[in-house]
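A quick write-up on the structure given underneath.
The values are calculated or read from the model by the stated rules, or taken from the named source; none is laboratory data. Since the model is a prediction, treat every value here as computed from it, not as a measurement. Backbone-built Cβ (ideal geometry, glycine too); neighbour counts: all protein chains shown. In case anyone asks, the SASA skips ligands and DNA or RNA and just uses the protein heavy atoms, side chains included. Shrake-Rupley method; radii C 1.70, N 1.55, O 1.52, S 1.80 Å.
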Amino acid sequence: MDKVALFVDVQNVYYTTRQAYDRHFNYNRFWAQISDGREVVAAYAYAIDRGDIKQREFQNILRAIGFEVKLKPFIQRSDGSAKGDWDVGITIDALEQTAAADVVILVTGDGDFSLLVDTLRQNHGKTVEVYGVPQLSAISLMNAASRFMAIDEELLL
């Protein structure tokens, strides 16, 4: 049975599924799919905390599914832009969890993770599955993955 480490870029998944399909990602169905016949040894969901009740309820749902939810505060800059990505945190956690897993699953379309995926595959010998919305995922990330899995109708609410 393969051991799986799972890393979900919640903001990326939320915005790409909303933009492409005007729907939400089905975390329960996703968990059932990736854990079928495999052991989940680590599961992280990375999100931004804006402090609202609806978001806290969503985070509790993720915890109930089996994710450890990692939060960063939402930062509104004086120019109106916002900051709150988890790229470095996801990368560090993925590299630290490498020894415990046969398969690393990354849920994002962000091309910044191409280098991480290459490193996990080439330097650590891991199979890396990337789940993303095809039309909004970086080609470099799709090409770096051992397998690119489309977030489509099957994984939407």
In the range 1-47, which residues are of a type in the set (D, E, K, R) and within 12 Å of the chain's Cα centre (by Cα)? Asp9
Members of the range 70-91 found to be at pLDDT 95 or above and in a helix (DSSP H, G or I), listed by number: Ile90, Thr91
Among the residues that make up the range 44-55, is at least one of them among the hydroxyl-bearing types (Ser, Thr, Tyr), in contact with a strand residue (DSSP E or B) (Cβ under 8 Å, 6 or more places away or on another chain), part of a strand (DSSP E or B) and open to solvent by less than 40 Å² (accessible area, probe 1.4 Å)? yes
Is it the case, given these coordinates, that Leu115 is aliphatic (A, V, I, L, M) and not in a strand (DSSP E or B)? yes
Any chance the range 85-101 includes a residue that's open to solvent by 10 Å² or more (accessible area, probe 1.4 Å) and touching a Ser or Thr at 6+ places or on another chain (Cβ under 7 Å)? no
Could you list all residues from the range 17-39 that are open to solvent by less than 40 Å² (accessible area, probe 1.4 Å) and either at pLDDT below 95 or in a strand (DSSP E or B) (or both)? Phe25
Hey, Val4 hits all of (1) over 16 Å from Leu157 (Cα atoms); (2) touching a His at 6+ places or on another chain (Cβ under 7 Å) but one; which does it fall short on? (2)
In the range 116-142, residues that are touching a residue at least 24 places away in the same chain (Cβ under 8 Å), surrounded by fewer than 16 Cβ atoms within 10 Å (Cβ to Cβ) and of a type in the set (S, T, N, Q) total 2
Would you mention how many residues in the range 1-16 are without any contact (Cβ under 8 Å) to a residue 12 or more places away in the chain and either in a strand (DSSP E or B) or more than 13 Å from Gly132 (Cβ to Cβ) (or both)? 0
Is it the case that the range 94-101 has a residue that's touching a residue at least 24 places away in the same chain (Cβ under 8 Å), farther than 17 Å from Tyr44 by Cβ and not in a helix (DSSP H, G or I)? no
In the range 25-69, residues that are among the β-branched types (Val, Ile, Thr) and touching a residue at least 60 places away in the same chain (Cβ under 8 Å) total 2
